[in-house]
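Peer 1: Just dropping this structure here.
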């Protein structure tokens, strides 16, 4: 439930601060006063897209803030996303800041979040029914979605989706395997050429690493030889100035001193070890020099192979290191294509089984939709007949096409058929009803779907367009009764609806000739009488319209 809303520097609003109540809250105001601003602000708070035109002129940013009382389900979502308040399980705060650059920042419980996360949470907090919903109702996809949303169990639609995805994957695999005969032959020829081209090389991870290492070593062979020869010379080759010669001289000198001082024994031992290690290093260096110089053609061979593999990697648009994996994949694709008939037969059999599984799931979904349609159409008919269409009838026609291509939504076509006059057979919605009738049917449907929704705060934005007189009073009754279980916010231009609100807010617009701003105020009893009278009789209020307004409020217990 929405507890508190604050709007600052948004559109033509300077600042609005409101505490909201349970039940039905009606929002009224003159045309152009800015009633839609409230809806726009709430839509942004639950993940709507922002732009800089929403910032009040002359201000650097717009600020929106809302506080909600939340259910255990919403707290669980917040906790799973590490957004819950540590000391408050029944409350959630949302903040949105929109700058003149068009960028916006969103926060849940003072923690920055993405627009995607805000939309996820928003779907649990608010359900907004717009004034143009009746137009979208003419769309078959919208009619099907309404029917599916009313189902008690959503498992059937999930099962169909899973069965479709399995069929689609197999179908795609078959397409990728071959396509038509001409394409298949061209693909087969290319694969054979590519596999043959790569088969001349040892393509394993170990072989590539060894080749690259050898190439690196031999590419710098001259420098390595120079370094090794120089080191060899320093260590042992110069009899007078080599490291080995110096170590031997030092060792001989200290060995003579041992007979006078045994404390030199440890040093002599270390020198002897050093002499042995230098001798071993000199031997290894000699071997290393001979090995580098052993085969002058080796580098040319390795350079050629290394360059060829690098060129092949570029040709296949892959990295050098991926060549073994790529070669394996090409071999597998070639084997599949060379055994196309067998592999295709296996896939076709799997596709046939997947189609049968899909068909079974689609039939179960069809049966569920037919059952749901009976319940939904009965509820809609009841509401429609209350809304000034006593002979109104509605049939939800669910037709299954068992020969249709599998779809993620099943094999049904859902059509809302309506008859508004006795003796006339029901026909598709768009072929029968007038604008006013369509508005009433849409409202009847929205009231029912709102009862099914798990969202506690429902917003109706001028859904009563095209309705007047006694029907308007019935609309108010429907919304008022709905408000006994939910929080309902309704923007309306009908006094019959506005008079039934538990809370009545008025949008007011002011101008000093230079600037314009809107405000939203909660009306006291006398102000409510005057606002209802304005809606009944226009700008000039008479004693009669005031009395009528007072009577309407009294009749509704307000």
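Read the figures in this text as sums done on the coordinates, not as results from a lab. This structure is a prediction, so every number in the text was calculated from the model and none was measured. No Cβ is skipped: glycine too gets one built from the backbone with ideal geometry, and neighbour counts run over all protein chains shown.
Peer 1: With a/c under 1.5 counting as rounded, go ahead and sort the stretch 357-426 into rounded, prolate or oblate using the C-alpha gyration tensor (a ≥ b ≥ c being the square roots of the eigenvalues; past the cut-off, prolate if a/b is larger than b/c, else oblate).
Peer 2: prolate
Peer 1: Restricting things to alpha carbons, tell me how big the stretch 246-376 is in terms of Rg and Dmax, in Å.
Peer 2: 38.4, 117
Peer 1: Report which label in (1) 27.6, 97; (2) 35.2, 105; (3) 41.2, 136 holds the value of Rg and Dmax of the Cα atoms in Å derived from the coordinates of this structure.
Peer 2: The value computed from this structure is option (3).
Peer 1: Determine the relative contact order of the chain: mean sequence separation of Cα pairs under 8 Å and six or more apart, normalised by residue count, in whole percent.
Peer 2: In percent, rounded to a whole number, it is 23.
Peer 1: Hey, another quick one. For the residue pair residue 371 and residue 152, what label-to-label distance in nm results when each label sits 7 Å from Cα along the Cα-to-beta-carbon direction?
Peer 2: Each label point is offset 7 Å from its Cα along the Cβ direction, giving 0.7 nm.
Peer 1: Taking the Cα atoms only, what angle lies between the long axis of helix 115-125 and the longest principal axis of the chain, rounded to 10 degrees?
Peer 2: 40
Peer 1: Let me ask something additional. For the ranges 476-482, 304-310, what's the packing order if you count other beta-carbon atoms within 10 Å of each residue, average per peptide, and put the highest first?
Peer 2: 476-482, 304-310
Peer 1: Stretch residue 105-residue 477 to full length: gain in nm at 0.36 nm per residue minus the Cα-Cα span?
Peer 2: 130.0 nm
Peer 1: Let me ask another. Please give the calculated 222 nm ellipticity per residue for the chain, where each DSSP H segment of at least 4 residues contributes -39500 (n - 2.57) and the sum is spread over every residue; nearest 500 deg cm²/dmol?
Peer 2: One gets -18000 deg cm²/dmol as the mean residue ellipticity at 222 nm.
Peer 1: Follow-up question, since we're still on this one. Please find the FRET efficiency linking residue 431 to residue 19, where r is the Cβ-Cβ separation and R0 is fixed at 51 Å, and quote it to the nearest 0.05.
Peer 2: 0.60
Peer 1: Same structure, new question: Starting from the Cα-Cα distance between residue 297 and residue 87, subtract it from 0.36 nm times their residue separation and give me the gain in nm to one decimal.
Peer 2: Taking residue 297 through residue 87 to full extension adds about 67.8 nm, to one decimal.
Peer 1: Can you give the angle from 0 to 90° between the axis of helix 340-386 and the longest principal axis of the chain, with both taken from C-alpha atoms, to the nearest 10?
Peer 2: Compared with the principal axis, the helix lies near 20 degrees.
Peer 1: Now, a different point. Which parts of the stretch 309-337 would a label at residue 346 reach, counting a residue when its backbone N lies under 15 Å from a point 7 Å out along Cα-to-Cβ?
Peer 2: Answer for this model: 332-337.
Peer 1: Between residue 49 and residue 311, what FRET efficiency comes out of the Förster formula 1/(1 + (r/R0)^6) with R0 = 35 Å and r the beta carbon distance, rounded to 0.05?
Peer 2: Calculated transfer efficiency: 0.10.
Peer 1: A further question follows. For Cα pairs less than 8 Å apart in space and 6+ apart in sequence, what is the mean separation divided by the residue count of the stretch 184-338, i.e. the relative contact order in percent?
Peer 2: Reported as a whole number, the value is 38 percent.
Peer 1: While we're on this one: Over the stretch 184-338, one equal point on each Cα, no solvent: what is log10 I(q)/I(0) by the Debye formula at q = 0.15 Å⁻¹?
Peer 2: -0.87
Peer 1: For the chain, find the longest principal axis of its Cα atoms and tell me its angle to the long axis of helix 205-219, 0 to 90°, nearest 10.
Peer 2: Result, in degrees: 50.
Peer 1: Once fully extended, how much extra length lies between residue 120 and residue 547, figured as 0.36 nm per residue of separation less the alpha-carbon to alpha-carbon distance?
Peer 2: The residue 120-residue 547 span can extend by a further 149.0 nm.
Peer 1: Between residue 516 and residue 408, what is the label-point separation in nm under the 7 Å Cα-to-beta-carbon projection?
Peer 2: Once both label points are built, they end up 4.3 nm from each other.
Peer 1: Please work out whether the stretch 476-558 counts as rounded, prolate or oblate from its C-alpha gyration tensor, where a ≥ b ≥ c are the square roots of the eigenvalues and a/c under 1.5 means rounded, while otherwise a/b larger than b/c means prolate and anything else oblate?
Peer 2: oblate
Peer 1: For the stretch 444-558, what relative contact order do you get, as a whole percent, if you take Cα pairs closer than 8 Å and at least 6 residues apart?
Peer 2: Normalised by residue count, the contact order of the stretch 444-558 is 20 percent.
Peer 1: Once you order the gyration tensor axes a ≥ b ≥ c over the Cα atoms, which shape class does the stretch 1-99 get: rounded for a/c under 1.5, otherwise prolate or oblate by comparing a/b with b/c?
Peer 2: In terms of gyration-tensor shape, oblate.
Peer 1: Could I ask something else about it? Sort 245-256, 374-385, 498-509 by packing, meaning the average of other beta carbons within 10 Å per residue, with the highest value first.
Peer 2: Highest to lowest by the protection proxy: 498-509, 374-385, 245-256.
Peer 1: Further question on the same structure: Given a Förster radius of 35 Å and the C-beta distance between residue 555 and residue 30 as r, what FRET efficiency does 1/(1 + (r/R0)^6) yield to the nearest 0.05?
Peer 2: 0.90
Peer 1: Further question on the same structure: Taking the simple approach of a point 7 Å from Cα along Cα-to-Cβ for both residue 186 and residue 289, what is their distance in nm?
Peer 2: Going from the residue 186 label point to the residue 289 one covers 6.2 nm.
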